[in-house]
Structure formats: C-alpha cells, structure tokens
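Asks: A single structure is presented below for examination.
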Amino acid sequence: MTEKNTQNVEITAVEEVYAKRKKIYPRQVTGLFASLRFSGVLSLLGLYYLGPLMQWNGRQAILFDLPARKFYIFEWIFWPQDFIYLAALLIIAAIALFLVTALAGRVWCGYACPQTVWTEAFLWIERKVEGSRAKQIKLDKKGWSWGKFRIKFTKHFIWITFSLLTGFVFVGWFTPITELTARTLSFELGPWEAFWIFFYGFATYGNAGWMREQVCMYMCPYARFQSAMFDKNTLVISYDEERGEPRGPRKKGSDYQTDGKGACVDCSLCVQVCPTGIDIRDGLQYQCIGCAACVDVCNEVMDKMGYQRNLVSYTTENALHGKKESFFRPRVLIYIILLSVISVALFTSIAQRVPLGLDVIRDRSSLYRETDDGMIENVYTLKIMNMDLKPHRYSLAVGGIDGLILKKQNKGIHVDSGAVLNYPVRIQAEADKLNAASTELMFYLNAIDDDALSVAKEGRFLGPVYK
Amino acid sequence: MSEDNKVPTVQRFVAILWPSFVVSGIATILFFTAFDPIEIIGCVGGWDVSRMGYYSIGFFLFWLLTSLNSVLTCYFLKPCAIK
Ligand code: SF4
Ligand code: SF4
C-alpha cells in the first residue's frame, strides 16, 4: 500500500471517459472487516457449491425437487400442502432481516448478500488476471493490443466458466445433482435444465461481472427503504466529521492540530476502496452497502500517521453526537417478540405434523347408484399421500351414517414412502338411513404399524330423497 | 424529454424487467404450489412437456404479463403533452 497519491489523478481521468456510468475499480483492502467479509464470502460460496453434494440416508440432503413436487430437507419431506411452512419461513427471514438492519445497519449487504458474495468472487478473479487497481485502470485506458486482448479474454473465459458452474449447481438444488452430472457428461440434459443452467449462469456473469454496484443502486428494493429501518441507534458506517475536518494534506511529523487541520489527510483511499464508488465523508448515502472497506483502509492510514483509529467507523448517530445509546428500543423488542412467536409456532407445528395426507374425491360420472338389494351406493377415489420416510400399511374406516358398508374391505392399504396412491372405494348405505339428498360421512385412515399416524376427512354421501 | 433523459437507460430497463421478474417469480411459485401442471394438462390435454417445462413456460408467461404491466405503468407515468 504505497504510491497512492499519484492514483488520484488517474481516477479523475477515467471518470471523464465514463461520463455516464463511471466504472468503479475497488481497491483491495486488508483489515478486520475485510477478513470478516472474506470468511463470510468463502463459507457462503462453500455452502452454495457443496450444499447439493451433502447426503442424508442415501439421498441428497437438501433437495427442492421441483420435478417431483417434493422438498427434502434432511429428515423432512415437504409437499405442496406444506406451503404454509415455507411462507412462515419467509416471514421469519424477513423479520430477522429487519431486526439485524435496525441493530447493525446493512450487514446483510456487506457480508452475506449473494450480489456481494459473487461480486467479491468476480473481483478476486479480476485481480488475479488483471492485477491491482492501478494496473486495471491502466489496462482499460490502453488501446487494444494482442496483450490486452489476451488478458481480457482470459478474464472473461474464467468468469464465464465460473458462471456456468454456478448455473449448474443452481439447477442441482432443484433436481438431483448426481443424475444431473451424469446427464451433463453424456450430453443428455433436458432442454429446460440446460436452459436454466445458461440463464442462471448468464445472470451471474452479468450481475457480478458487469452490473455490480448498479444492482444495489437500481434493482435492490432493500437499499431504497433502508432509511425506514434505521434509527439513531443503528450501527452505520460514518465519518467523524468533527474530528476529520478541515481535511487536507500535511507535512510528516507536524502537529496537525496546531496547524488548524483535522485528522483526515484527504488521501482519498476510502473512496478508492469503495465498491459503490461513493465518498463516505459526504455522509450516509443510500448507495453505501456497509461493507466497511473504508473503515479498514482509513484505520490503516490513521495507524501510519500515528493518529487515533476510527475516523471512519461503525458507529451510531447517537454515539457520534455524544448522546446516550440504547440497545433494546421498542422496534427491536417488537421484532424479537414477533420472531420468537413465529419461530416457536413454526417448529411446534412441524414437529406435530402428521406425515399422512388424505383427499376424498367423489366419482364425477354418477351421483349414486341403487343396488339390486336396495342399497344406495356411492363411489369415491381416495388420494392417500404417505409423506413419511418409511412405507406404511393403513386401515380405512368410514362413519357418520348408521350402517355404512365399506365394500372391498382389506388387509390394509400399502403406500410407499413419498408416494401418492389413488384408491377407489365403494360405500353402501341403507336408503332409509339417509335423511337428506346429501349427508356428511367421515373417512378415517390409520397406519396399522403406527398409532400416531391417523387422519380423518369428511365427504358427502348422495342419495335419493323420499320424504 | 430532457427530464426523461436524466434517468439512465439501464435503470429504465431494470425498472421494467426487474420488478416484473420478481412478481412473476412469486406468481409462479404460488400458482404451481396450488396446481400441478401435469394434473391440469391431464384434464384438458396438452403437449408432451415435463413438469420443469411447464414451470418454465408458466414463469415466462407470467413474466410477459407482468412486464407488459410495467411497460404500461412507465408509459402512463410520462406527463401528457397539454397544448
Ligand atoms: S481514508 Fe481516512 S484519511 Fe484518507 S481520505 Fe478517507 S477519511 Fe480521510
Ligand atoms: S462507503 Fe464505505 S462502507 Fe459504504 S460501500 Fe463504500 S466502502 Fe463500503
């Protein structure tokens, strides 16, 4: 980290070339927050790329099997009927995001947002191929030559390969990845799988390679309403104006305070490292993703100058103005209460979930039939869903009307794990037991091998009206 | 017109394609959670497409509709020329 002052001149020059959208060349940073972000990015990327490879009881541990309409999450299988759980999970995630934002500002953006994570990965590749920020700026200013072409080609080639891998893994979360790999290697990918691999790959390449901070600025709704979630006790990145101003260069070894200067040496490093190209010294701006790169770099400068750290720091508005800070404020408490209530409700209801589903569908072709011996007969199709991890045998019973006869009594209905069985049944009732044209009846399904597995479902029994 | 030009072109495209993309994603999830395309097609008859295919086609149809909506919104946002 030397020779920085010369680079100021270079950015201004490049800024003029890119009059519309200034290309931003974030300078590499080191420091506490940079390492935090690096470990965050690495673990999230690891989770994303290796997640589908995890196995559980001989199948993919986490698989959102869209083609089969089933979600596997370790021990559990979720069906479209369980949509409510997904909705609850999304609500929990949203409230958690609000809570974190109210407490610590945009930590999500700075450390965990996929846009940040993949942009970091792409920046890393860019730095490996094109070199430091200064080299990148120089290369972009140079005219086209074979050497430049080779460097750019290499970069895009690696980017695109990486993006396609990303697209492939994306589809691997939704369709079993081992089979997907086999099909890819033998060029037998389904058209839609191939399409989504390319689509997602293209989106990755575009967003992380080209769009970058513009995604945060133009596309992210979260960035726009951040001010609604912030209050005076929220941790934000800010510049201590009182201490920093008046900014300006100074002679080494001179006492800046007696010279009437502030602590900011106006080295502009905080601007150079900023992935969204803003100057934090202008105050809180909606473009700031809270990545703390400027904190790291300014602390380095302060250390070098022998000044106190944290001229740019994570702080709250109240702390900055010497006011009292409070952690548990009403909005935080409300978020915490909501979060606990919904989470507890979600987990108890998942734990108590009966992994057995029953739907009753009346035969549409006839209302009822009178048998030779004067009974009234209705026909139904039962849809039995075994959502458990083991196959089961079930017994069926009916009730609700006196003297109902279930034809085709059996030793139990076998349904495989994760299967749906369409099971036709005929039910007869004596005509004089029916008081109306339509009477309610109940179907009871119990697993023979497990008492806890039982469901009841109502249906309608149709008959003639005599009275 | 000069007012219009202040909005960067990327932002304009994004303002149409992106919100409609998000809404169409949500609509696709809700729709296909409630209805299994294979069952619907079983009732009315259709082409031989996989579930993945129906999901994808459904998604793009929704996206087409929602982006049409966004285009109209943008169009009506322009002030009328009153002479
Ligand atoms: S890095 Fe620190 S010293 Fe340098 S310009 Fe930014 S605030 Fe001032
Ligand atoms: S101002 Fe600082 S914290 Fe905000 S985005 Fe730029 S470098 Fe990151």
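Asks: Could you tell me whether A:L235 is within 30 Å of A:A96 (Cβ to Cβ), open to solvent by 50 Å² or more (accessible area, probe 1.4 Å), within 16 Å of ligand 1 (Cβ to nearest atom) and not assigned by TED's automatic domain parsing to the domain that holds A:L45?
Replies: No; evaluated as a whole, the condition is false for this residue.
Asks: In chain B, which helices (runs of 4 or more DSSP H) lie fully inside it and hold 3 or more residues that are at pLDDT 90 or above? Lay out the reasoning, then the answer.
Replies: Values: elements: B:2-5, B:9-34, B:37-44, B:51-77.
The helices (runs of 4 or more DSSP H) meeting that bar are B:9-34, B:51-77.
Asks: When the range A:265-301 is examined, which residues are found to be more than 9 Å from ligand 2 (Cβ to nearest atom) and on the phi > 0 side of the Ramachandran plot?
Replies: Matches in the range A:265-301: A:D266, A:S268, A:G283.
Asks: I need a count of the residues in the range A:200-222 that are under 30 Å from A:A102 (Cα atoms) and away from every other protein chain (no Cβ under 13 Å).
Replies: The qualifying residues number 2.
Asks: Check A:K261, A:K304, A:K252, A:K324 and return the single one that is part of a helix (DSSP H, G or I) and more than 10 Å from ligand 2 (Cβ to nearest atom).
Replies: Going through A:K261, A:K304, A:K252, A:K324 in turn, the sole match is A:K304.
Asks: So for the range A:187-199 (the condition being within 14 Å of chain B (Cβ to nearest Cβ), farther than 30 Å from A:C270 by Cβ, assigned to a helix (DSSP H, G or I) and in contact (Cβ under 8 Å) with a residue 60 or more places away in the chain), does at least one residue qualify?
Replies: No.
Asks: Condition (residue is within 10 Å of ligand 1 (Cβ to nearest atom) and under 23 Å from A:G253 (Cβ atoms)) applied to the range A:277-297: is it met by at least one residue?
Replies: yes
Asks: I've got another one for you. Only strands (runs of 3 or more DSSP E) wholly contained in the range A:344-419 count here; list those with 1 or more residues that are open to solvent by 60 Å² or more (accessible area, probe 1.4 Å).
Replies: A:356-362, A:392-399, A:413-415
Asks: Give me the residue from the range A:48-68 that is loosely packed, with under 12 Cβ neighbours inside 10 Å and either within 14 Å of another protein chain (Cβ to nearest Cβ) or modelled with pLDDT of 90 or more (or both) and, out of that set, nearest to A:C274 (Cα to Cα).
Replies: A:L50
To keep it simple, each residue is scored yes or no on (1) under 28 Å from the mean Cα position of the chain (by Cα); (2) within 11 Å of ligand 1 (Cβ to nearest atom); (3) over 25 Å from A:L103 (Cα atoms); (4) assigned by TED's automatic domain parsing to the domain that holds A:F33.
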{"residue": "A:E242", "(1), (2), (3), (4)": "no, no, no, no"}
{"residue": "A:G248", "(1), (2), (3), (4)": "no, yes, yes, no"}
{"residue": "A:V301", "(1), (2), (3), (4)": "no, yes, yes, no"}
{"residue": "A:K304", "(1), (2), (3), (4)": "no, yes, yes, no"}
{"residue": "A:R309", "(1), (2), (3), (4)": "no, yes, no, no"}
{"residue": "A:Y314", "(1), (2), (3), (4)": "yes, no, no, no"}
{"residue": "A:N318", "(1), (2), (3), (4)": "no, no, no, no"}
{"residue": "A:K323", "(1), (2), (3), (4)": "no, no, no, no"}
{"residue": "A:T348", "(1), (2), (3), (4)": "yes, no, yes, no"}
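Asks: Here's another thing I want to ask about it. Which residues, taken from the range A:69-85, are in a helix (DSSP H, G or I) and open to solvent by less than 60 Å² (accessible area, probe 1.4 Å)?
Replies: A:P80, A:D82, A:Y85
Asks: Can you pull out every residue in the range A:223-247 that is more than 14 Å from chain B (Cβ to nearest Cβ) and in a helix (DSSP H, G or I)?
Replies: A:Q226, A:S227, A:A228, A:M229, A:E241, A:E242, A:R243, A:G244
Asks: Filter the range A:307-321 down to the residues that are in a loop (DSSP other than H, G, I, E, B) and open to solvent by less than 20 Å² (accessible area, probe 1.4 Å) and list them by number.
Replies: A:L311, A:T316, listed by residue number.
The values are calculated or read from the model by the stated rules, or taken from the named source; none is laboratory data. Please read all numbers here as calculations on a predicted model, not as lab measurements. Cβ coordinates were reconstructed from backbone atoms using ideal geometry, including for glycine residues, and neighbour counts include every protein chain displayed. For accessibility, only protein heavy atoms count, side chains too; no ligands or nucleic acids. Shrake-Rupley method; radii C 1.70, N 1.55, O 1.52, S 1.80 Å.
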